[in-house]
C-alpha cells in the first residue's frame with residue numbers, strides 16, 4: 001500500500017481545505033491567519049508545479065484543488081498541474097538564498113497567486129469535507145490504481161458541529177484506491193506559544209482538549225512514504241504518528257504543507 | 001579484455017515518452033567505458049545533467065576520490081549554460097514553465113543524478129558509483145544434474161531492497177551541492193580457463209530494487225535479465241514487472257546495461273589503495289577477496305537463485321566458498337600446463353568468431369545510443385526472448401544472429417519485392433545487412449543508417465507517425481554519423497521516403513533510422 005509513484009499514467013490528487021471563517025482575520029506571523037494561509041497555499045502549489053516539472057515541460061502528475069469554507073463552501077479551483085502553471089497572475093517577492101560560498105544573496109521569487117485571503121462567516125468544516133468527498137469519489141473512480149488522494153485541512157477554530165464534521169471526515173477517509181485509503185492531514189494554526197502538538201501517535205497528552213481530540217481522531221496515520229517525508233522536513237515522527245499539528249506556528253504549517261503535498265511526489 | 005555488450009537500453013515511466021526519460025547511458029567501446037545515470041525527477045533539469053555525466057565519463061573516465069570535484073567542474077559549467085539557454089527560451093516563448101524555472105535558476109537549484117561508470121582495462125574493472133543505481137556482478141553456476149542455471153551475485157553499493165529510500169546520494173550540477181563522494185574502487189579480474197561468463201549488470205534504482213526483491217523472494221531474475229537482447233524484450237520485461245501480481249517494479253524510468261566478460265589469459269591483478277578487491281575467474285570458480293574492511297558496503301557477496309541465503313545473513317558461507325575455490329585453483333594450476341596449447345588454439349578461434357559476431361550484433365541492437373566504432377574490441381551478443389512470469393527451465397542463452405549478407409558496392413536497392421521502383425542506385429560502398437525475408441527472386445534486408453536533420457522533412461510530413469521520419473530525395477544516407485567517413489556512406493536516396501526512427505541521443509543533429517530495402521537474388 002502507498003507504493004505508487006505519482007505519474008501522468010497514475011496521477012495523484014492533492015486537496016487543500018482552508019478555513020475562511022471570520023476568526024481567520026486574527027493576527028498571525030506578522031500578518032493575519034487568512035493572509036498567511038493564502039500565501040502558504042500559493043507557495044505550496046508553486047512547489048507542486050515545480051515537482052511536476054521536468055526540464056521544460058510540466059507533467060500532469062497530479063490534480064490540485066483548493067476548497068475554502070467560511071460563509072459557504074467555495075471550490076476555489078480544481079485543475080491539472082499544467083493548467084495551474086498557466087496562471088499569469090504573479091507577485092514578486094525578495095528571497096534570500098545561499099550563494100554557495102557561505103553567504104546569502106537576495107533574489108527575486110515570483111509566486112503565482114491562486115488563493116486570496118478571505119475571512120468571514122462560521123466554520124462549516126463538515127460541508128467542506130462533503131464537497132471534497134464528491135471530488136475525491138470521482139477521482140478514485142477514474143483513477144482506481146493511483147496513489148490515494150491527500151487532503152490537507154488548515155483551520156484555526158472549532159467546526160460548527162464536531163459530530164457532523166467527524167462523520168463526514170471519516171466517510172471521506174473510507175474512499176480508497178487500490179494503493180490505499182484517502183489520507184487526511186489537519187493543521188490547526190494559532191499564535192499560542194504553549195500546547196503545541198506535532199504528529200502525535202496517541203492523544204494521551206491532550207485527552208482533555210475536545211478540539212485537539214477531534215482533529216486527532218479524523219487525521220490519518222501517516223503511511224511510510226509520508227512519515228519519511230515528514231522526518232526529512234524536520235518532524236520527530238514516531239510509529240503510528242498521525243498527520244496532525246495543533247497550535248502550529250507559521251514554520252510548522254509550512255512544513256506540514258510541504259511534506260503532505262511533496263511526499264507522494266518524490 | 002574482451003567485453004561483450006549483451007544489452008543496453010532505457011525506458012520511460014508508463015504513459016510517458018522516451019523524451020521524458022531522465023535516465024541515460026553511454027558506451028565508449030574503444031575505451032571499454034560504460035556508464036549509466038539516473039537524473040532525479042525533482043531536481044532542476046536532471047535530464048541534461050544525467051546525459052552530461054555519462055558522456056563525460058565515456059570521454060574522460062579518470063575519476064577517483066581525489067579528483068571527482070574537479071572532474072565534475074567542466075560539466076557543471078556546461079549544465080548551467082544549457083539551463084540558462086532553456087530558461088531564456090521559455091521566457092521568449094511565453095511558456096508556462098518559465099516562472100517556475102526562472103525561480104529555480106535564481107535560487108541556484110541543482111540537478112542531481114546517481115551514476116555508475118565502469119572502465120575495463122587489461123586486468124581490472126575500475127568502478128565509480130554514487131547513489132542507488134546498482135552494479136550486480138553475476139557468475140553462472142551450471143549444475144551438471146540440471147539444465148537450470150543459478151548465479152552467484154555481488155552487488156554494489158546497495159545490498160537489499162530495504163536500502164532504497166527517497167534520498168539517494170548523487171552528483172550535483174552545482175559545486176555547492178557536491179555533498180557525496182563517489183565510491184571509486186577497482187575489481188581485479190584474473191582469468192583461467194572457464195566456460196562461464198562473468199556478467200556485469202548495471203541498473204537504475206527501480207530495476208535494482210526489483211532485482212533485490214526477486215532475490216529475496218527466491219525468484220529467478222538473472223537468467224531473465226541475461227536473455228534480454230532487444231528493446232522489445234526490454235520493454236516487455238519492464239511492463240510485465242510493473243504489472244506483476246507478486247513482486248512489482250515501481251513505475252519509474254528504467255535503464256539496464258548487461259555486459260559479459262569471458263575467460264582470458266592470466267594476468268597479475270593490481271590493487272588500489274582504498275579498496276583491494278580481487279575477483280578471479282578460473283575453472284568455473286570465482287575468488288573474491290576484499291583485503292580491507294574499511295568500506296564494507298561496497299562488497300557483499302551474496303547468493304541468488306535458491307542455493308544460499310544472502311551472505312549478510314550467512315557470513316560463513318562466503319568463507320567456505322572461498323576455501324573450496326582455493327582448492328580448486330590449485331588443481332587447476334596442475335592441469336593448466338597440459339591444456340595451455342589447446343587454450344591458445346581455442347582463443348585464436350574464438351577471436352575470429354567474436355569479431356564476426358561483433359559486426360553482426362552492431363547492426364542488431366536498436367537501443368544502443370552510441371557512436372558506432374568500426375575498431376571496437378567490444379562485442380555484442382543476442383539471446384532468445386523470455387517472459388518474466390515464466391520460470392525458465394532451460395539455460396538456453398543461445399548466441400544467435402539473424403542471417404547476414406554483404407551487399408557489394410554498386411548494388412541496386414529496390415523499394416519492394418516487385419523490384420521495379422529503385423530506392424538506392426548504386427550502393428556507394430559495400431555494407432553488411434541483416435536479411436529479414438527471402439522470396440524466389442528477391443531478398444529483403446534491413447540496416448541502421450543515419451541522416452542529419454537538414455535532410456529531413458521535419459514537421460512537414462503529414463502522414464508520419466511519431467516514430468517515423470521522412471527523408472528528402474537525393475539525400476545521402478550514412479552508415480556512420482559523420483560524413484567524413486566516406487567508406488561508411490551507404491547510398492543516395494532516389495525518392496522521398498519514410499523510415500522508422502530509432503533512438504539516438506548522442507548527436508542531436510543526427511537521426512538514426514531503420515532502412516529496409518530489397519535486392520535481386
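Label points 7 Å out from Cα along the Cβ direction at residue A:110 and residue B:429: separation in nm?
4.9 nm
Using the Kirkwood radius built from alpha carbon pairs, what does the Stokes-Einstein equation give as D for segment A:213-266 at 37 °C and 0.692 mPa s, in µm² per second? Intermediate values should be presented prior to the final figure.
Values: Rh = 11.2 Å.
D = 292 µm²/s.
Could you please tell me the mean projected area of the C-alpha convex hull for segment B:46-94, averaged over all directions and given in square nanometres to one decimal? Let's see the in-between values first.
On the way: hull surface 14.5 nm².
Computing the convex hull of the Cα atoms and averaging its projections yields 3.6 nm².
To the nearest 0.05, what FRET efficiency results for residue B:175 and residue A:210 with a Förster distance of 51 Å applied to their C-beta separation?
E(calc), rounded to 0.05, equals 0.40.
At residue B:521 and residue B:91, where each label point lies 7 Å from the Cα along Cα→Cβ, what is the point-to-point distance in nanometres?
6.6 nm
Over what distance in Å are the Cα centres of segment B:437-488 and segment B:34-95 separated?
31 Å
Under a crude label model (7 Å from the Cα following the beta-carbon direction), how far is residue B:452 from residue A:88 in nanometres?
Spacing of the two 7 Å Cα→Cβ label points: 3.9 nm.
Where the Cα atoms of chain A are projected onto their three principal axes, how long is each span, largest first, in whole Å?
On the principal axes, chain A reaches 50, 43, 37 Å in Cα extent.
What is the average number of partner chain Cβ atoms found within 10 Å of a Cβ in A:1-10?
Counting other chains' Cβ atoms within 10 Å and averaging over A:1-10 gives 4.
Report relative contact order for chain A in percent, whole number only (criteria: Cα-Cα under 8 Å, sequence separation at least 6). Don't skip to the answer; put the middle values down first.
Details: 578 pairs, mean separation 60.6, N = 266.
Reported relative contact order: 23 percent.
Need the C-alpha centroid separation for segment B:164-184 versus segment B:203-225, integer Å.
24 Å
Let's test this: bin the Cα-Cα distances of segment A:98-206 at 5 Å from zero up to the farthest pair and state each bin's percent.
2, 9, 14, 15, 16, 14, 12, 7, 6, 4, 1
Rank by packing, highest mean first: peptides A:79-91, A:52-64, with packing defined as the count of other Cβ atoms within 10 Å averaged across residues. Display every interim value, and only then the final one.
Details: A:79-91: 16.3, A:52-64: 21.7.
Packing proxy ranking, top to bottom: A:52-64, A:79-91.
Report, in cubic angstrom per residue, the convex hull volume of the C-alpha atoms of segment B:1-128. All intermediate terms of the calculation are to be shown ahead of the outcome.
Working: hull volume 15.3 nm³, N = 128.
Once divided by residue count, the hull of segment B:1-128 is 120 Å³.
Going by a ≥ b ≥ c, the root eigenvalues of the Cα gyration tensor, does segment A:144-266 fall in the rounded group (a/c under 1.5), the prolate group (a/b larger than b/c) or the oblate group? Intermediate results must be reported in sequence, preceding the final value.
Numbers: a/c = 1.76, a/b = 1.19, b/c = 1.48.
Oblate, since a/c reaches 1.5 and b/c is not below a/b.
Where a ≥ b ≥ c are the square roots of the eigenvalues of the C-alpha gyration tensor, would you call segment B:100-185 rounded, which needs a/c under 1.5, or, failing that, prolate if a/b is larger than b/c, or oblate?
Values: a/c = 3.73, a/b = 2.30, b/c = 1.63.
The shape class here is prolate.
Top mean-square fluctuation among A:184, A:18, A:197, Gaussian network model of chain A, C-alpha springs under 10 Å?
Sorting by GNM fluctuation, first place goes to A:197.
Calculate the translational D of segment B:66-130 in whole µm² s⁻¹ from Stokes-Einstein, where the hydrodynamic radius comes from the Kirkwood formula applied to all Cα pairs, the temperature is 25 °C and the viscosity 0.890 mPa s. Display every interim value, and only then the final one.
Working: Rh = 14.4 Å.
Estimated diffusion coefficient is 170 µm²/s.
For residue B:17 and residue A:138, what is the calculated FRET efficiency with R₀ set at 41 Å and r taken between the beta-carbons, to the nearest 0.05?
0.90
May I have the extent of the alpha carbons of segment A:181-240 along their three principal axes, as whole Å values ordered from largest to smallest?
Extents along the principal axes: 30, 25, 19 Å.
Give me a single rounded figure for B:98-106: the average over its residues of other chain Cβ atoms within 10 Å of their Cβ. All intermediate terms of the calculation are to be shown ahead of the outcome.
Working: counts 3, 11, 11, 4, 4, 10, 2, 1, 7.
Average per residue, whole number: 6.
Go through A:237-243, B:460-466, A:140-146 and give me the packing order, highest mean Cβ count within 10 Å leading. Before the final figure, lay out the partial values.
Working: A:237-243: 17.4, B:460-466: 10.0, A:140-146: 15.7.
Top to bottom by mean Cβ count within 10 Å: A:237-243, A:140-146, B:460-466.
Report the FRET efficiency, 1/(1 + (r/R0)^6), for residue A:30 and residue B:66, where r is their Cβ-Cβ distance and R0 is 51 Å, rounded to 0.05.
Numbers: r = 49 Å, r/R0 = 0.96.
E between residue A:30 and residue B:66, to the nearest 0.05, is 0.55.
Determine, for each peptide in A:156-167, B:58-69, B:227-238, B:202-213, the mean count of other beta carbons within 10 angstrom over its residues, then list the peptides with the highest first.
Numbers: A:156-167: 18.2, B:58-69: 15.0, B:227-238: 20.5, B:202-213: 25.4.
Answer by packing, highest mean first, reads B:202-213, B:227-238, A:156-167, B:58-69.
With the Cα gyration tensor of segment A:118-160 in hand, give its eigenvalues times 5 under a square root as the equivalent ellipsoid semi-axes, listed largest first in whole angstrom. Walk me through the numbers before you get to the answer.
Values: eigenvalues 139, 22, 11 Å².
Computed over segment A:118-160, the values are 26, 11, 8 Å.
What would the Debye formula give as log10 I(q)/I(0) at q = 0.12, 0.16 Å⁻¹ for the alpha-carbon point model of segment B:422-521, no solvent?
The Cα Debye sum returns log10 ratios of -0.38, -0.67.
Within 10 Å of each Cβ in A:41-48, how many Cβ atoms from other chains are there, averaged over the peptide? Kindly include the intermediate steps, with their values, before the conclusion.
Values: counts 0, 0, 0, 0, 0, 3, 2, 0.
Average per residue, whole number: 1.
Read the figures in this text as sums done on the coordinates, not as results from a lab. All values derive from a computational prediction rather than experimental measurement. No Cβ is skipped: glycine too gets one built from the backbone with ideal geometry, and neighbour counts run over all protein chains shown.
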